[in-house]
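Asks: Before I ask anything, let me first share the structure, which is written out below as structure tokens.
Every number here is computed from the coordinates shown, using simple stated rules; none is lab data. Remember, it's a predicted structure, so these values are computed and weren't measured experimentally. Cβ placement follows ideal geometry from the backbone for every residue including glycine, while neighbour counts extend to all protein chains displayed.
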Amino acid sequence: MTAANPMARMPGNAPSETLGDQPPRYPPARAREGSAGATPAGGPLGIICGAGTVPFAVADAVAQRGRPVVLFALRGWADTAAIKAYPHHWIALGQFGRICRLARHEGCREMVFVGGLVRPSIWQLRLDWGTLMQMPLIVRSFRGGDDHLLSGVGRLFENGGFRVIGAHEVAPEITAPVGALGRFRPNAVVEDDIGHGFTLLAAMSAFDVGQAAVIAGHRVLAVEAAEGTDAMLDRVAAMREAGRIALASGIGVLVKAPKRRQDRRFDLPSIGADTVTRAARAGLAGIAVVAGATIVAEPQRLVEAADGAGLFVVGRPDPEKPA
């Protein structure tokens, strides 16, 4: 799950269900698979969703393919208004046992993690009995970077009998394509910065740091760490205003890429219209991402924002994808 665009408020009136609140929305998997018009293998897709619009874009794309979805909304992060349009249950961070019970009750065998979430402290988790039974694995997972933690969460669900898959696998249309997304394209100077940025991110992957950097004139202006892409871009804008960056506006690029050998079922890089707005405010020429491995939230809004600001947004071929 990506840490971009977390929601600040806690939903005080989010409903709290028990298994007795409602029957399963879909017939048992065995009955579905042997019937006409059967649901695709795996039954309903469970989507554990954090903040932002991406979880709903994934849900819509999957539903359009004819597969039911059930959203497991993280309390304090998922959009309380948007979630009402989908079959859903509210859950708190740390309620692994509850998620498993609800998912089995709904007939979900496959799970997707998507949406904004700030890494919690282990002491912030609301532990239920199912989580307490897995504490050794959870403690080990917290001893590392975000990718290490999320891979540990994946193993937790796999041990519970679920198949964990990536959002890009079930909804590839939400990822960036190869080429320009709007009217503008990078020039030769910026292309050099893009290549430099991708090389930098690949080199940092071993440290499980961040997925983004700002490069201008072959100089590294900023590297994303725990603050996230938005805060990094705001930092670049502040440095320009303070005179710490002498380069003219319209020079420089935001580069985003997944970490090398990252478990891509979790925390793929994402961009949206707000990313474009912040990149423009930071005085950049555009944004470059890895095609097929970067989630594009509300692509039409993103293209309109990029064209309006005169910025390019381009997808580059995935270096880890076989040619």
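Asks: Loop only per DSSP, at most 12 neighbouring Cβ atoms within 10 Å: give me the trypsin sites (Lys or Arg not before Pro) in region 231-323, ordered by residue number.
Replies: Arg244, Arg261
Asks: Also, I was wondering about something else. So if I take the centroid of the Cα atoms in region 153-191 and the same for region 66-99, what is the distance between those two points in Å?
Replies: 21 Å
Asks: So, one more: What is the sum of charges around Gly161, taking Lys and Arg as +1, Asp and Glu as -1, for the other residues whose C-beta is under 10 Å from the C-beta of Gly161?
Replies: Result for the local shell: +2.
Asks: Quickly rank 196-203, 96-103 as a protection proxy: mean count of other C-beta atoms within 10 Å, highest first.
Replies: So the peptides 196-203, 96-103, ranked by packing, come out 96-103, 196-203.
Asks: Another question, if that's okay. Do any GluC sites (Glu not before Pro) in region 222-323 lie in a DSSP loop with no more than 15 other beta carbon atoms within 10 Å, and if so, which?
Replies: Glu227, Glu320
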